[in-house]
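Written below as structure tokens is the structure these notes are about.
The values are calculated or read from the model by the stated rules, or taken from the named source; none is laboratory data. As the structure is a computational prediction, the values presented were derived from the model and not from experiment. Positions of Cβ are generated from backbone atoms using ideal geometry, with glycine treated the same way; all protein chains shown enter the neighbour counts.
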Amino acid sequence: MSIIANKFKGIRAALCTSVHMGKMTRAHNDSNILCLGGTITPVAEALEILDTWLNTDYIGGRHDISLGLIKEAEEEMFNGKLWTAPDPSMEK
């Protein structure tokens, strides 16, 4: 489900199999859709992951760079253009 969800502009879906993953994907990636494996995640653990995910804020900072690149890629791809990542060796 996260694979297809991430095909849509503005969606940052994350498949989380642990509380730590739920926390990190919100804090670092500002995920806005939580995906859980229904047959592999016990209900109590799924609820704990959900609670953590809902109560974790995006921390920004250096992570804004990645989200900026995602936004740039989305703008290009959704305009029918091919996006290529910037060459890190060309920066600065």
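With the structure loaded, tell me whether residue 62 is of a type in the set (D, E, K, R), under 27 Å from residue 85 (Cα atoms) and at pLDDT 95 or above or whether it fails that test.
no
Among the residues of region 1-37, count how many are touching a helix residue (DSSP H, G or I) at 6+ places or on another chain (Cβ under 6 Å) and farther than 15 Å from residue 71 by Cβ.
Matching residues across region 1-37 total 13.
Select from region 42-74 the residues that are outside any helix (DSSP H, G or I) and out of contact with any Lys or Arg (no Cβ under 6 Å at 6 or more places or on another chain) and list them in ascending order.
42, 55, 57, 58, 59, 60, 61, 62
Filter region 28-44 for residues that are among the small types (Gly, Ala, Ser) and surrounded by fewer than 16 Cβ atoms within 10 Å (Cβ to Cβ); which is nearest to residue 78 (Cα to Cα)?
So, considering only residues that are among the small types (Gly, Ala, Ser) and surrounded by fewer than 16 Cβ atoms within 10 Å (Cβ to Cβ), the one nearest to residue 78 (Cα to Cα) is 37.
When region 41-70 is examined, which residues are found to be aliphatic (A, V, I, L, M) and closer than 15 Å to residue 31 by Cβ?
Matches in region 41-70: 49, 50, 54, 59, 67, 70.
Do the conditions hold for residue 64, that is, is it surrounded by 11 or more Cβ atoms within 10 Å (Cβ to Cβ), without any contact (Cβ under 8 Å) to a residue 12 or more places away in the chain and within 25 Å of residue 77 (Cβ to Cβ)?
Spelling it out, residue 64 is indeed surrounded by 11 or more Cβ atoms within 10 Å (Cβ to Cβ), without any contact (Cβ under 8 Å) to a residue 12 or more places away in the chain and within 25 Å of residue 77 (Cβ to Cβ).
So, in region 1-41, how many residues would count as being over 10 Å from the mean Cα position of the chain (by Cα), assigned to a loop (DSSP other than H, G, I, E, B), of a type outside the set (S, T, N, Q) and modelled with pLDDT of 95 or more?
2
Would you please name the residue that is nearest to residue 62 (Cα to Cα), looking only at residues in region 1-18 that are surrounded by fewer than 16 Cβ atoms within 10 Å (Cβ to Cβ) and among the aliphatic types (A, V, I, L, M)?
The selected residue is 11.
Given the conditions (1) within 15 Å of the chain's Cα centre (by Cα); (2) surrounded by 12 or more Cβ atoms within 10 Å (Cβ to Cβ); (3) modelled with pLDDT of 95 or more, and given that residue 47 satisfies all but one, which numbered condition is not satisfied?
Result: residue 47 fails condition (1) only.
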